[in-house]
Amino acid sequence: MKKKLLLTMIGIGLLVTGCTKNPTLKNGEEVIAKIDGKEFSVEQLYDKLKDQGGYQVLINMIDDYIVNKEFPDDAEFEEYAQGQVDAFKAQTESYGQDFLTTINSYGFKNEKELKDYFLSIGKSQKVVENYIKKTISDKDVEKHYNEKVFGEMTVRHILISPEVTDGMTDDEKTKAENAALTKAKDLIAKLNKGEKFEDLAKEHSDDTGTAKDGGLYEKFVKGDGTVDEFWDASVKLKDGEFTKEPVKTQFGYHIILRVKQEAKPKLKDIKDDILSTIVQDMLEKDEKLEQNTWADIRKEYKLDIIDKDLNKSYNANYGN
């Protein structure tokens, strides 16, 4: 509905520019409506709209201009936009709702108009990302690379989960925890005696996703769906080594056998990915960063809002 309102207001803005010829009052103002002998001019409507968020409609128009000047070609954003449309359609249909009726309720006439909206969103996000990237130093990139970029890890593991159920007392939960820990230690003892890791994983691991493959967990990195305790224990091992004590996580007790860790990718090959990651972290930590960035971008484009009322409203909201 917001989009429909904005389109309506933009349409009214076109009247102000004189794209449609209307009767005029004696003072030269164009008449857009009459009732009971009373005539209303486009200038009167324009003044009212200025007081009711008109500056934001103007800014939307200006930002659209900037976005399309920065990215005149849609090709880079086609996949993103279509993916958003497909996801929205799937979600709508999963609720048993008609897709076209739903998007109509949001002010979109058809699927193409919805896709154009997501194309605009994709471009806008990229404009902001590219601007913020320019504020990030090489030192910050190197720091992120050194502290948060790792070679992919492959391990085998055995998970022993405590048999805890709802309604258990604290003592019962403690007994279940101790039983799981004891079992994990017993399995380590069997490994020390030469029993095969894969066989023990298939027989005993509570991780059903990896147990059938002998506990194989391939090509993961820290933070990629893996709890820190699991990653930290894996990094400390050498290839072919397994943990001599069970590793406790929120899922239970793990026995980890490190298979191998790939070499860390070179900084020059992933620098742009790192920049994108840093930008997303910055946006998540500062909810005003995107708004402030757009204000800076408009400054670079030498924005000059000539109308004093609109300029006052803009400055009040963007602090220029």
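Readers should treat all values here as calculations from the given coordinates under stated rules, not as data from a laboratory. Predicted, not measured: the structure shown is a model, and the values here were computed from it. Every residue, glycine among them, receives a Cβ derived from its backbone with ideal geometry; neighbour counts consider all protein chains shown.
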Open item on the list: Using a Cα-Cα cut-off of under 16 Å, which aspartates and glutamates could be cross-linked to K133, ignoring same-chain neighbours fewer than 8 residues away?
Closed with: E70, E142, D272, D273, D281, E284, D286, E290, D296, E300
Task: Stretch gain in nm, segment I121-Q250, where the contour uses 0.36 nm per residue and the Cα spacing is subtracted - done: 42.6 nm
Open item on the list: Using only the alpha-carbon atoms, how far is helix 289-300 inclined from the longest principal axis of the chain? Give it as 0 to 90 degrees, nearest 10.
Closed with: 50
Task: Förster-model FRET efficiency, 45 Å R0, M168 and K299, C-beta, rounded to 0.05 - done: 0.15
Task: Crossing angle, helix 54-70 versus the chain [Cα axis fit, 0-90 degrees, rounded to tens] - done: 60
TODO: Kindly provide the pair-distance distribution of the stretch 150-261 built from C-alpha pairs, with 5 Å bins from 0 and whole-percent values in order of increasing distance.
DONE: 2, 13, 23, 25, 19, 11, 6, 2, 0
Open item on the list: Give me the one-decimal nm value for the distance between modelled label points at T154 and D213, 7 Å along each residue's Cα-to-Cβ direction.
Closed with: 1.0
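Compute the signed sum of charges (Lys and Arg +1, Asp and Glu -1) over the other residues within less than 14 Å, Cβ to Cβ, of K202. Let's see the in-between values first.
Numbers: positive: R156, K190, K196, K212; negative: E195, E198, D199, E203, D206, D207, D213.
Charge balance in the 14 Å sphere: -3.
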Task: Within the stretch 68-143, chymotrypsin sites (Phe, Trp or Tyr not before Pro) in DSSP loop having at most 11 other beta-carbon neighbours inside 10 Å - done: Y95
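In the stretch 40-124, which trypsin sites (Lys or Arg not before Pro) fall in coil by DSSP and have 14 or fewer other Cβ atoms within 10 Å? Kindly include the intermediate steps, with their values, before the conclusion.
On the way: sites: K48, K50, K69, K89, K109, K112, K115, K123; in loops: K109.
Those satisfying the criteria are K109.
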Open item on the list: Report the Cα centroid-to-centroid distance between the stretch 76-124 and the stretch 126-205 in angstrom, as an integer.
Closed with: 38
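Multiply the residue gap between K308 and D47 by 0.36 nm, knock off their C-alpha separation, and tell me the result in nm, one decimal place. Don't skip to the end; give the middle numbers.
On the way: separation 261, 0.36 × 261 = 93.96 nm, distance 1.16 nm.
Length difference between fully extended and current span is 92.8 nm.
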Open item on the list: How tilted is helix 78-94 with respect to the longest principal axis of the chain? Cα atoms for both, answer in degrees (0 to 90, nearest 10).
Closed with: 80
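Stick to Cα atoms and the Kirkwood definition of Rh, then tell me Rg/Rh for the stretch 133-177.
Working: Rg = 22.0 Å, Rh = 15.3 Å.
Rg/Rh: 1.43.
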Task: Segment A263-I35, extension gain: residue separation times 0.36 nm, minus the distance between their alpha carbons - done: 74.4 nm
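To the nearest 0.05, what FRET efficiency results for L289 and E76 with a Förster distance of 25 Å applied to their C-beta separation? Before the final figure, lay out the partial values.
Details: r = 23 Å, r/R0 = 0.92.
Result of the calculation: an efficiency of 0.65.
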- [ ] Scan [x] 32, 21, 19; [y] 42, 22, 17; [z] 61, 25, 18 for the value of semi-axes √(5λ) of the Cα gyration tensor in Å calculated from this model and give just the label.
- [x] [z]
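Hand me the GluC sites (Glu not before Pro) from the stretch 250-320 located in a DSSP loop with no more than 16 other Cβ atoms within 10 Å, in residue order please. Walk me through the numbers before you get to the answer.
Numbers: sites: E262, E284, E287, E290, E300; in loops: E262, E287.
Those satisfying the criteria are E262, E287.
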Task: Among the listed pairs K183/K244; K222/K266; K109/K288; K219/K248; K38/K308, those beyond 25 Å (Cα-Cα) - done: K109/K288; K38/K308
